[in-house]
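Below is one structure, written out as structure tokens; comments come after it.
Values quoted throughout were computed directly from the atomic coordinates according to the rules given, and no laboratory measurement underlies them. From a predicted model like this one, the values you see are computed outputs, not experimental measurements. No Cβ is skipped: glycine too gets one built from the backbone with ideal geometry, and neighbour counts run over all protein chains shown.
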Amino acid sequence: MTLELVLFIVLAAVAIAGALSLILARHPIRSALSLIVVMVALAGLYLLQGADFIAAVQVIVYAGAIMVLFVFVIMLLNAGEEERTSWSRMARYAGLPLAIYLTVQFAWWVADGASALALPAAPAESEPTRRLAQLLFREFVLPFELTAILILVAILGTVVLGRRES
């Protein structure tokens, strides 16, 4: 068993555990934090595939900016703990069998495709990614930093607007 396979199994398990926690958590903030765990695990999987830029974008854009917006909305709505209700008849009689069928279909599809799967060779150092990084962090560093300051001001504004008067 190689190190890459062990890392893949660990990251996949973390992603699955985070996804289950996302679905089963009753509090919306815990769900949002679980989604961040899933996104970071996916970034690790992208790194294993040699897609460094996609992994960085996954962490910066999705786990950073988008999740901050989700948390802002949750804070502004003052969403409390979710109430559990019994299943509706539609979910019980149509949804559950459909979910079981789709799970079996997906497992068959993965098992059928795994036999013909050939792993590609590791990608060489990507020159366009290096050029993009140099453009972003050398020539466009001022707009990049101004965007960070703008996001910080938005965070402070959201906290002030979301705070209740005593």
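Brief remarks follow.
- Gyration tensor (Cα) of the stretch 125-166, equivalent ellipsoid semi-axes in angstrom: 36, 10, 4
- Each of Y62, Y93 has some number of other Cβ atoms within 10 Å of its Cβ, and from fewest to most they run Y93, Y62.
- Of all the options A32, A41, A94, the one that moves most in a Gaussian network model of the chain with Cα springs shorter than 10 angstrom is A94.
- With neighbour counts taken as other beta-carbon atoms within 10 Å, the residues R30, R163 rank, fewest first, as R163, R30.
- Contact order relative to length of the chain, as percent, for alpha carbon pairs under 8 angstrom and 6 or more apart: 19 percent
- Along its first, second and third principal axes, ordered by size, the stretch 1-91 spans 45, 30, 20 Å in Cα coordinates.
- Comparing L98, L152, L142 in a Gaussian network model of the chain (Cα springs below 10 Å), the most mobile by mean-square fluctuation is L98.
- For the chain, built as a Gaussian network whose Cα springs stay under 10 Å, the top-fluctuating residue of F140, F72, F106: F106
- Within the chain, longest stretch free of exposed GluC sites (Glu not before Pro) [DSSP loop, at most 12 other beta carbons within 10 Å]: 1-80
- Fully extending the segment from E139 to S88 would add 12.7 nm, taking 0.36 nm per residue of separation and subtracting the current Cα-Cα distance.
- For V57, V38, the sequence from fewest to most other C-beta atoms within 10 Å is V57, V38.
- Among (i) 142; (ii) 157; (iii) 171, the entry derived from the coordinates for volume of the Cα convex hull per residue in Å³: (iii)
- With the helix formula -39500 (n - 2.57) applied to DSSP H stretches of n ≥ 4, the chain reaches a computed 222 nm mean residue ellipticity of -21500 deg cm²/dmol.
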